[in-house]
Each structure stands twice: as C-alpha cells, then as structure tokens.
Amino acid sequence: MQERTTDIVMLEKKKILIFGGGSKFGLELAKSFAILNYEVSIVTSAGSSETNFKTHVVDWSKLDITRVEKLCTSFAEFDIVIFNQNYSTINNLEDISIPKLEMWKKLKEWQQGLYINCHLPLQICNSLYVNNKINDKTKVLWMLSGCISNDSFTTLEYQTQKYINHESVRYMKRLDMVKCIGLNPGKLDENNYAIKANKLSNFLETVEPNNTGSFYAFDKNNEIIQKQNYFL
C-alpha cells in the first residue's frame, strides 16, 4: 500500500507597518494586529517591550530625508501602513507678539514637525512604492482630526498639519496607486485605546480594497462609519 503524503501549506503572515506604534493608542493597535496574526513593524521614539514586534527606534527631532531613506531600506513588503505619529513641539506659533528670536526658534521647530507629520508619510510611500514594497492593494491609513472642519481651536501647527494630511489622502486617492484611507479617531484616551484599536484592526483586515480610498470616523458607539465629505 502506497504511503500517502500530505503537503502542509504554510500561509505567509500579512505584514503591517505602524508609525507611532510604541505607546498609547499606537501600541494597542500594534497588539491588535498581532492578535490577528500579522507580522508587526513599528517606528517609535519610545521603544517597545513587545519582543514580537520589529521595532525601529527613532528620534523624531533628528529625522531627515536621508535618515528616513536609510530606514526604508530595512523595511519589507507591507499589506497595511499606518501613519499614527504625532510629533509636535510648539504652541502659540500664531502669537506674533512674542520676541523675534523666540519666533524664529518656533518656526524652525515647526518645519521639523511639518516634515515628520506631513512630508515623511509621502516620502515613505514613495520609497516603498518604487521599491515594490507596497502596491495598489496596500491599505495606507492617515490619522486625521475633525479640528479642520469645525470651530474648535487647537493650535495653528496642529490644524495646518492635519489639513495637509487630509489633502494628501484626497489627492492620492485619485491616483489609486495605494488604497488611501483617512480616519478621524475622535477623542483618544486610556479608556478607549484598546476598544478603538480592536475595531480599527478588524476594519482594516476585512474592508475590501475597492471600497477604500475615502474618509471614515468613529461614531459615539466606537463604530467606524464612512464619511462622504470629510467629517461634517
């Protein structure tokens, strides 16, 4: 009698890259994807005690185009990329009564924040795309804010950066080179980090790529709903 052999096919894990994945909501999000059996890579200034994550520790205040490009060479192919970083160092930039040298310092710091929060995501997408590490099925998520569509006053720095990110999603959507998603997470705190992270990870895992490329938000019940025209 001929012995029957069984071929065991090992499915390759899906891969996710999370910027700002070392603490708070980003860390809970990384954990949620790990539960879904994703291979998780995070870029963080905080480091991580999670030994199962591929952790890239960076200093946001010193990152520039060259350092980021070098970082990209160590990345694999990804199914999902999330930009959750929120580097901010200044307040009251709009106060033009402050001393001149203090204003110059704030403007310089603003440039770094603008690079980390707005320019870096575009550079990352460019580097990964041209090196065939993301494609038209890859889901790329920007964390946005409702502050640009209402009268709530935060800071000039924060509002302008969130607006630029919103427009990046809107314009990249037209090209359809990756599946861009903009998400307004609403208020995030220790009471809802884990809940919203679980909802978001399952949403990104199951949503069909052809239905992405638009804007979403958490409602009052922490469910993700689609928005037709930003977060109005």
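The values are calculated or read from the model by the stated rules, or taken from the named source; none is laboratory data. For clarity, every value in this text was computed on a predicted model and none was experimentally measured. As a convention, Cβ positions derive from the backbone with ideal geometry for all residues, glycine included, and neighbour counts pool all protein chains shown. Side chains are part of the model used for accessible areas, which takes the heavy atoms of the whole protein and leaves out ligands, DNA and RNA. Shrake-Rupley method; radii C 1.70, N 1.55, O 1.52, S 1.80 Å.
Dimensions of the chain based on its C-alpha atoms, expressed as ranges along the principal axes with the largest first, amount to 92, 39, 37 Å.
When region 56-206 is described by a simple charge dipole with +1 on each Lys and Arg Cβ and -1 on each Asp and Glu Cβ, the residue from Ser168, Ser88, Asn131 located farthest towards its positive end is Asn131. Taking Cβ atoms as reference points and 12 Å as the exclusive limit, the residues near Ser61 contribute a net charge of 0, counting Lys and Arg as +1 and Asp and Glu as -1.
Distance between the modelled labels on Asn191 and Ile98, one decimal in nanometres: 3.2 nm (7 Å Cα→Cβ projection). Here the relative contact order of the chain, from alpha carbon pairs under 8 Å that lie six or more residues apart, stands at 18 percent. Each label was represented as a point 7 Å from its Cα along the Cα-to-Cβ direction; for Asn222 and Gln123 these points are 3.6 nm apart.
A simple rule links phi to the HN-Hα coupling: the Karplus curve 6.51 cos²θ - 1.76 cosθ + 1.60 with θ = phi - 60°, which for region 85-92 gives 5, 9, 7, 8, 10, 10, 9, 6 Hz, with x for Gly and Pro.
With θ taken as phi - 60° and the Karplus curve 6.51 cos²θ - 1.76 cosθ + 1.60 applied, the whole-hertz 3J(HN,Hα) list for region 102-119 is 5, 5, 4, 4, 5, 5, 5, 5, 4, 4, 5, x, 5, 5, 5, 8, 10, 7 Hz, x standing for glycine and proline.
By per-residue mean of other Cβ atoms within 10 Å, what is the highest-first order of 90-99, 130-139? Each step should come with its number before you reach the end.
Values: 90-99: 11.8, 130-139: 15.4.
Result, highest mean first: 130-139, 90-99.
Accessible surface comparison of Ile80, Ile224, probe 1.4 Å, protein chains only, largest first: the order is Ile224, Ile80. Once the Cα-Cα distance is subtracted from the 0.36 nm per residue extended length, the Leu107 to Lys13 segment shows a gain of 29.5 nm. The solvent-accessible area of Cys118, taken with every protein chain present and a 1.4 Å probe, is close to 0 Å². With a 1.4 Å probe rolled over the protein heavy atoms of all chains, the accessible area of Lys227, Lys108 falls in the order Lys108, Lys227, largest first.
What value, in deg cm²/dmol to 500, does the helix sum -39500 (n - 2.57) over DSSP H runs of n ≥ 4 give at 222 nm once divided by the residues of the chain? Walk me through the intermediate numbers first.
Details: 6 runs with 80 residues, N = 232.
Rounded to the nearest 500, the figure is -11000 deg cm²/dmol.
Applying a threshold of 31 Å to the alpha-carbon distances of Lys105/Lys227; Lys162/Lys220; Lys31/Lys133 flags Lys105/Lys227 as lying beyond it. Taking a ≥ b ≥ c as the square roots of the eigenvalues of the alpha-carbon gyration tensor, region 89-161 is classed oblate because a/c is 1.5 or more while a/b is no larger than b/c.
Excluding Tyr115 itself, what net charge comes from residues whose Cβ is under 14 Å from its Cβ, given Lys and Arg +1 and Asp and Glu -1? Overall, the nearby charge balance is -2.
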